[in-house]
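Remarks on the structure that follows.
The values are calculated or read from the model by the stated rules, or taken from the named source; none is laboratory data. Computed from a prediction, not measured in an experiment: that's the story for all the values here. Note that we place each Cβ from the backbone using ideal geometry, even for glycine, and neighbour counts take in every protein chain shown. Areas reflect the complete protein model, heavy atoms only, side chains present, ligands, DNA and RNA absent. Shrake-Rupley method; radii C 1.70, N 1.55, O 1.52, S 1.80 Å.
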Amino acid sequence: MEMRLKVYSPVGVILETPVTQVDFESIDGFYTLLHRHMDMVSALKPSILSYKTNGNQLYIACNQGVLVKKGEDVSVSTKLAIMGTDLKQLQKTIEVDFKEMEQQRKEANLTMARLEIGLTKGLMALNKNNGGSDGGI
């Protein structure tokens, strides 16, 4: 028996194929899904998801996400998915590129927080200079 694997990213459907097995790493550990396994929802770590279709083992590097198995359907929603056959290259992508992207995201969030603090302080000073109270911001 087969399952249907669909992989989604913000740009759309990356993959839709029949599969006989899906192997993945969640925040709870490693799992293998087969046709008759129970339904589940799992948060994915940045890792390589592998699947078997037509007797071939194929791979997708996923940058975090959520996997849902319901009946014969296995859906993966991820920030970024990169398909490939070179396991070493995909592992390098996870170790270098995905971690670099996460660091850039953290730096952008820190910059935004600093801008918000500066704006708030500026508004408070402006309000105080205009005779208002500073408790409203």
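Values computed for the structure shown
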{"item": "Unique residue being in contact with a Leu (Cβ under 7 Å, 6 or more places away or on another chain) and not aliphatic (A, V, I, L, M) when the list is GLN57, GLN64", "result": "GLN64"}
{"item": "Those residues of region 1-24 which are touching a Phe, Trp or Tyr at 6+ places or on another chain (Cβ under 8 Å) and closer than 17 Å to GLY84 by Cβ, in sequence order", "result": "LEU5, ILE14, THR17, VAL19, VAL22, ASP23, PHE24"}
{"item": "Members of region 30-69 that are within 20 Å of THR93 (Cα to Cα) and either loosely packed, with under 11 Cβ neighbours inside 10 Å or not aliphatic (A, V, I, L, M) (or both)", "result": "PHE30, LYS45, PRO46, SER47, SER50, TYR51, GLN57, TYR59, CYS62, ASN63, GLN64, GLY65"}
{"item": "Close pairs from region 8-33: first aromatic (Phe, Trp, Tyr), partner open to solvent by 50 Å² or more (accessible area, probe 1.4 Å), Cβ under 8 Å, at least 6 apart", "result": "TYR8/ILE14; TYR8/SER77; PHE24/PHE30; PHE24/TYR31"}
{"item": "Matching option when the condition is closer than 14 Å to MET3 by Cα and under 13 Å from the mean Cα position of the chain (by Cα), among LEU33, LEU67", "result": "LEU67"}
{"item": "Positions within region 70-100 being surrounded by 14 or more Cβ atoms within 10 Å (Cβ to Cβ), in contact (Cβ under 8 Å) with a residue 24 or more places away in the chain and part of a helix (DSSP H, G or I), in sequence order", "result": "LEU90, GLN91, THR93, ILE94, PHE98"}
{"item": "Checking MET38 against (1) part of a strand (DSSP E or B); (2) of a type in the set (A, V, I, L, M); (3) farther than 18 Å from MET83 by Cβ, the condition it does not meet", "result": "(1)"}
{"item": "In region 101-132, the residues that are of a type in the set (A, V, I, L, M) and open to solvent by 70 Å² or more (accessible area, probe 1.4 Å)", "result": "MET101, LEU110, MET112, LEU115, ILE117, LEU119, LEU123, LEU126"}
{"item": "Test: ASN54 is of a type outside the set (A, V, I, L, M, F, W, C) and under 10 Å from the mean Cα position of the chain (by Cα)", "result": "no"}
{"item": "Residue within region 12-24 that is assigned to a loop (DSSP other than H, G, I, E, B), surrounded by fewer than 18 Cβ atoms within 10 Å (Cβ to Cβ) and not polar (S, T, N, Q) present", "result": "no"}
